[in-house]
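Single-structure report; data block below.
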Amino acid sequence: MIRAVVFDLGHTLASGEGVISEPANLLGVDEERFAALYAAGREAYDLGETDAAYWTPILESLGHPATPENVARLAELDASLWLRLRPEARQLLADVREAGRRVAILSK
(Lines give C-alpha, C1' and ligand atoms only; values in the text may rest on other atoms or scores of the structure.)
Protein backbone atom coordinates (compact mmCIF):
# COMPACT_ATOMS: atom_id res chain seq x y z
CA MET A 1 0.00 0.00 0.00
CA ILE A 2 1.25 3.46 -0.88
CA ARG A 3 1.32 5.63 2.25
CA ALA A 4 3.23 8.65 0.97
CA VAL A 5 4.09 10.34 -2.30
CA VAL A 6 7.20 12.49 -2.71
CA PHE A 7 7.27 15.16 -5.40
CA ASP A 8 10.17 17.19 -6.72
CA LEU A 9 9.59 20.93 -6.62
CA GLY A 10 11.70 22.36 -9.44
CA HIS A 11 10.57 21.55 -12.99
CA THR A 12 7.86 19.26 -11.63
CA LEU A 13 5.46 21.05 -9.30
CA ALA A 14 6.90 24.47 -10.06
CA SER A 15 7.93 25.23 -13.62
CA GLY A 16 10.26 28.11 -12.86
CA GLU A 17 8.35 30.22 -15.33
CA GLY A 18 9.79 33.71 -15.46
CA VAL A 19 13.12 32.91 -13.77
CA ILE A 20 14.97 34.41 -16.74
CA SER A 21 12.54 36.98 -18.11
CA GLU A 22 11.51 38.66 -14.85
CA PRO A 23 14.99 39.36 -13.43
CA ALA A 24 16.31 40.31 -16.88
CA ASN A 25 13.43 42.76 -17.22
CA LEU A 26 14.04 44.09 -13.71
CA LEU A 27 17.69 44.72 -14.57
CA GLY A 28 16.94 45.99 -18.06
CA VAL A 29 19.23 43.45 -19.74
CA ASP A 30 19.00 41.00 -22.61
CA GLU A 31 17.38 37.70 -21.59
CA GLU A 32 19.95 35.55 -23.43
CA ARG A 33 22.84 37.25 -21.69
CA PHE A 34 21.14 36.96 -18.31
CA ALA A 35 20.28 33.29 -18.97
CA ALA A 36 23.92 32.39 -19.64
CA LEU A 37 25.07 34.04 -16.42
CA TYR A 38 22.15 32.57 -14.45
CA ALA A 39 23.02 29.04 -15.59
CA ALA A 40 26.77 29.34 -15.10
CA GLY A 41 26.81 29.08 -11.30
CA ARG A 42 23.37 27.72 -10.62
CA GLU A 43 24.34 24.24 -9.48
CA ALA A 44 26.54 25.57 -6.67
CA TYR A 45 23.81 28.02 -5.65
CA ASP A 46 21.20 25.28 -5.53
CA LEU A 47 23.57 23.24 -3.38
CA GLY A 48 23.88 25.99 -0.77
CA GLU A 49 26.17 28.72 -2.04
CA THR A 50 25.31 32.10 -0.52
CA ASP A 51 23.15 34.65 -2.26
CA ALA A 52 26.07 37.07 -2.47
CA ALA A 53 28.43 34.47 -3.95
CA TYR A 54 25.92 33.65 -6.70
CA TRP A 55 24.36 37.03 -7.51
CA THR A 56 27.42 39.30 -7.17
CA PRO A 57 29.20 38.01 -10.31
CA ILE A 58 25.94 38.15 -12.26
CA LEU A 59 25.25 41.73 -11.25
CA GLU A 60 28.83 42.83 -11.90
CA SER A 61 28.92 41.12 -15.31
CA LEU A 62 25.76 43.00 -16.25
CA GLY A 63 27.19 46.33 -15.08
CA HIS A 64 25.01 46.64 -11.98
CA PRO A 65 26.29 47.31 -8.47
CA ALA A 66 26.27 44.21 -6.28
CA THR A 67 24.88 45.99 -3.26
CA PRO A 68 23.35 43.92 -0.48
CA GLU A 69 19.97 45.36 -1.51
CA ASN A 70 20.37 44.30 -5.16
CA VAL A 71 21.55 40.83 -4.16
CA ALA A 72 18.62 40.41 -1.74
CA ARG A 73 16.11 41.67 -4.31
CA LEU A 74 17.27 39.16 -6.93
CA ALA A 75 17.46 36.29 -4.44
CA GLU A 76 13.93 37.00 -3.22
CA LEU A 77 12.56 37.28 -6.75
CA ASP A 78 14.28 34.06 -7.80
CA ALA A 79 12.96 32.15 -4.79
CA SER A 80 9.42 33.43 -5.29
CA LEU A 81 9.46 32.39 -8.95
CA TRP A 82 10.65 28.88 -8.09
CA LEU A 83 7.94 28.56 -5.43
CA ARG A 84 5.04 29.29 -7.77
CA LEU A 85 3.25 26.00 -8.10
CA ARG A 86 1.57 25.25 -11.40
CA PRO A 87 -2.23 25.16 -10.85
CA GLU A 88 -2.46 21.53 -12.00
CA ALA A 89 0.34 20.60 -9.60
CA ARG A 90 -1.48 22.28 -6.72
CA GLN A 91 -4.57 20.23 -7.59
CA LEU A 92 -2.53 17.03 -7.80
CA LEU A 93 -1.17 17.63 -4.30
CA ALA A 94 -4.70 18.22 -3.00
CA ASP A 95 -5.95 15.06 -4.71
CA VAL A 96 -3.18 12.93 -3.23
CA ARG A 97 -3.86 14.32 0.24
CA GLU A 98 -7.60 13.79 -0.20
CA ALA A 99 -6.87 10.15 -1.06
CA GLY A 100 -5.36 9.83 2.41
CA ARG A 101 -1.72 9.82 1.39
CA ARG A 102 1.04 11.81 2.99
CA VAL A 103 2.72 14.28 0.69
CA ALA A 104 6.33 15.40 0.75
CA ILE A 105 7.99 17.98 -1.49
CA LEU A 106 11.73 18.04 -2.02
CA SER A 107 14.28 20.04 -3.92
CA LYS A 108 18.01 19.82 -4.09
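The values are calculated or read from the model by the stated rules, or taken from the named source; none is laboratory data. Because the structure is a prediction, the values reported are computed rather than measured. Every residue, glycine as well, gets a Cβ built from its backbone with ideal geometry; the counts of neighbours run over all protein chains shown. We work out accessible area using only protein heavy atoms, side chains counted, and drop any ligands, DNA or RNA first. Shrake-Rupley method; radii C 1.70, N 1.55, O 1.52, S 1.80 Å.
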Which FRET efficiency value, to the nearest 0.05, is calculated for residue 104 and residue 47 with the Förster distance at 30 angstrom and r the Cβ-Cβ distance?
0.90
Please work out the Cα center distance from the range 18-33 to the range 58-79, rounded to the nearest Å.
12
Using only the alpha-carbon atoms of the chain as identical scatterers, what base-10 log of I(q)/I(0) does the Debye formula give at q = 0.10, 0.12, 0.18 Å⁻¹?
-0.36, -0.49, -0.87
Excluding ligands and nucleic acids, what accessible area in Å² is computed for residue 60 using a 1.4 Å probe, to the nearest 10?
120
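Report relative contact order for the chain in percent, whole number only (criteria: Cα-Cα under 8 Å, sequence separation at least 6). It would help to have the intermediate numbers written out before the result.
Working: 99 pairs, mean separation 54.6, N = 108.
Once divided by the residue count of the chain, the mean separation gives 51 percent.
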Per-residue accessible area, 1.4 Å probe, largest first, puts 45, 54 in the order 45, 54
Nearest 500 deg cm²/dmol is fine: what mean residue ellipticity at 222 nm does the chain get from its DSSP H runs of n ≥ 4 alone, each adding -39,500 (n - 2.57), divided by its residue count?
-16500 deg cm²/dmol
